[in-house]
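Undergrad: Structure incoming, see below.
Quick note: the coordinates plus some simple rules give every number you see, no bench work behind them. Remember, predicted model here, so these are calculated numbers, not experimental data. Ideal geometry is used to build each Cβ from the backbone, glycine not excepted, and the neighbour counts take in all protein chains shown.
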Amino acid sequence: MASRLLWASRAASCLRISVSHRGFSTVLKDFKYCDSHEWVKVEGSSATVGITDHAQDHLGDVVYVELPEVGTPVTQGEGFGAVESVKATSDINSPVSGKVVEVNEELNNAPGLINSSPYEKGWIIKVEISDAGQLNSLMDADKYSKFCEEEDAKH
């Protein structure tokens, strides 16, 4: 009996390890992605920006989001704010250049939306794009998925 219990607890601990690390994060097809784990969804000349499911998964529970002011210019690849989690503080880089036209004020009261809904309710800013050609330098969903797998394999 004791050996069966020992086996069961070992099996449970193995299962727990494999369950806690989700192998595949959600990656949405119609979005573009940065190698710094931000996503952008483009509608006309407007771009909605947030951090990816992969990024929020690695960060852990988000406790604070530093948002820019509406009207702030942003530059592709440069920081415009930060996400603070129980593990770390990470800069958020803009996938496109332009001007901030809206910020997600909900994140002031509910920063955990980035964890629970990174692509819908957890968006961070909306930007009026100044150079649509910059989108060509971003990754599509397939490339981003491969990028994440390779990055995770290194760690």
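Undergrad: Along Cα→Cβ, 7 Å out, is where each label goes; now give me the distance between the ones at Lys29 and Ser117 in nm to one decimal.
TA: Roughly 2.3 nm, to one decimal.
Undergrad: Still on this model: Place a label point 7 angstrom from the Cα of Asp61 along the Cα-to-Cβ direction, then list the residues of the stretch 117-134 whose backbone nitrogen is under 16 Å away.
TA: Flagged as within label range: 117.
Undergrad: In addition: Distance between Cα centroids, the stretch 111-155 to the stretch 30-72: provide it in whole Å.
TA: 6 Å
Undergrad: Quick one: grab Rg to one decimal and Dmax as a whole number for the stretch 26-154, Cα atoms only, in Å.
TA: Final numbers for Rg and Dmax: 13.5, 39 Å.
Undergrad: Return the loop-located trypsin sites (Lys or Arg not before Pro) in the stretch 50-125 (DSSP other than H, G, I, E, B) with at most 12 other Cβ atoms within 10 Å of their own Cβ; answer none if there are none.
TA: Lys87
Undergrad: Taking 0.36 nm per intervening residue step and subtracting the Cα-Cα distance, what contour gain separates Asp142 from Ala82 on full extension?
TA: 19.0 nm
Undergrad: What number of lysine-lysine pairs in the stretch 26-154 show an alpha-carbon separation below 24 angstrom, given a sequence spacing of 8 or more or placement on distinct chains?
TA: Summing the qualifying lysine pairs gives 24.
Undergrad: Now a separate question. Just subtract the alpha-carbon distance of Asn109 and Glu43 from 0.36 nm times their residue separation and send over the number in nm, one decimal.
TA: Result: 21.1 nm gained on full extension.
Undergrad: Kindly put Leu28, Leu107, Leu59 in sequence by how many other C-beta atoms sit within 10 Å of each C-beta, fewest to most.
TA: Leu28, Leu59, Leu107
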